[in-house]
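I have placed the structure first, in the form of structure tokens, so that the comments after it can refer back to it.
The values are calculated or read from the model by the stated rules, or taken from the named source; none is laboratory data. Since the model is a prediction, treat every value here as computed from it, not as a measurement. Here the Cβ is made from the backbone with ideal geometry for all residues, glycine too, and neighbour counts use every protein chain on show.
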Amino acid sequence: LFKMARENLFRRKLRTGLTILSIVIGTVSIVLMIALGIGIQDNVKKEFSNFGTLNVLEVSKGKAAVKTDRFNENKDSTGLTDSDVQFLSDIKGVEAVAPTISTTVKLTTSNHESYVNMIGFDPSLMGQFGFKVKLGSLLQDNDSFEAVFGDKAVENFKKKVSDNPNAAVQRPDTDEVVEEDQFQMTFGPPPDKAYPFEPLEERYKLSFDLQSLESDRLFSLDGVGVLKEGDSMKDYNVYVPLNLLQKLLKSYNEAKGIEYSSDYSQISVKVTDMNEVNTVKTYIESMGYSVFSLMSILESINKTLGVLQIALGAIGGISLFVAGIGITNTMVMAITERKKEIGIMKVIGATVKDIKRLFLLEASMIGLLGGIFGIALCIAISNLISSPIFSQAMSGGNTGSSFAFSIPVWLIISGLIFTTAIGLISGYLPALKAMKSSALEAIRND
């Protein structure tokens, strides 16, 4: 049957070729549409990975935190305390918990200054929470005067507007006034890209008073590293040991006569299993906390993109449906032309099932061949559009981002199965017609 089907298909090459071409066009339409949706989804996931670790939750105090009912201490607290840290640590599925304090400070060098978001973080947990340096090292000691800079935080330093060259630098845990030149920033080897200044040759002063450096007690830090760029949640921050920032804030507030609160601004919670992130998030929220999760946002976007993907596939499916009608038309014409052949096959002993199988096989082969050529064309188009040369050509010679196309193996296999099924379904009615035709009438008429 296979040999007969192959010979019958190529007996009328032009008609068969045009029918296969219609399947190719339909396959290209539907596969590229779905591949576009998958590509967009992959790009979104890749971009989200640049915003932070997907299995880390950022927990802050909710409007009605249940914690005040669970613990008797600090009922009037407006922030997070050690009780919250302990409670979150005991939740099933939580790998690590890191309390943080954040505040805006002014950092100055001899010629540059910048307002940065400074975060106090436990040095022993930095590696566990995905911190990686491109220069120097991570924080080592919880009480040391050290800082790790986000890549963008260094880039954002601007030329200094005003200066107070006679200002002294004082450590918060001592009454001793120390000369400025005892504190030197150490960033390791020269950076790969140009910063507004040379980090190795500058001295830094820290001020909690954002308006002026003249009336403020100044503190100093030694820079020990610069983080790798790419994590947008960390790029613009400056990290110091948690204990150190608490001491700095306490010393500053006492000097200003302001009551100091040791509450934490936020607590980072790392979940062991990525699949349990939403479960842990839901439980923490049920306890009255506010929780920010990149995973939840990503899943919400993926749902929207899933609908888009179905819509794109449906648009492409219309072309394949039209191609299926073309297969039906081709097979009906073939049966009309081959009535005598069908009659002779029945006379010499072919069963009606053999006739049916023959025409179904021919229709399936048209669908399969169209699918093979269509998939091959899709891969070629995808590789061309995704190539750097095409991206540069489309962006006028500049380095542009590759267009979002992704053709996974499952899509290739599904495409071939689908086009073969389209051929099989399209050939079913013509096959029934051939099966029911009268052998005697066919021979007498021809």
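Each row is one residue, and each column tells you yes or no for (1) at pLDDT below 90; (2) at positive phi; (3) loosely packed, with under 13 Cβ neighbours inside 10 Å; (4) of a type in the set (S, T, N, Q).
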site	(1), (2), (3), (4)
Val332	yes, no, no, no
Arg338	yes, no, no, no
Glu341	yes, no, no, no
Met345	yes, no, no, no
Phe359	yes, no, no, no
Glu362	yes, no, no, no
Pro388	yes, no, yes, no
Ser395	yes, no, yes, yes
Asn398	yes, no, yes, yes
Just need a number here: residues in the stretch 79-113 that are within 19 Å of Leu242 (Cα to Cα) and either among the hydrophobic types (A, V, I, L, M, F, W, C) or assigned to a loop (DSSP other than H, G, I, E, B) (or both).
-> 11
If we only count helices (runs of 4 or more DSSP H) wholly inside the stretch 303-397, which ones have 2 or more residues that are touching a helix residue (DSSP H, G or I) at 6+ places or on another chain (Cβ under 7 Å)?
-> 339-347, 352-386
Among the residues of the stretch 237-255, is any basic (Lys, Arg), closer than 18 Å to Met126 by Cα and modelled with pLDDT under 90?
-> no
Qualifying residues in the stretch 129-146 (those that are of a type in the set (D, E, K, R) and part of a strand (DSSP E or B)) - the one surrounded by the fewest Cβ atoms within 10 Å (Cβ to Cβ) = Lys134
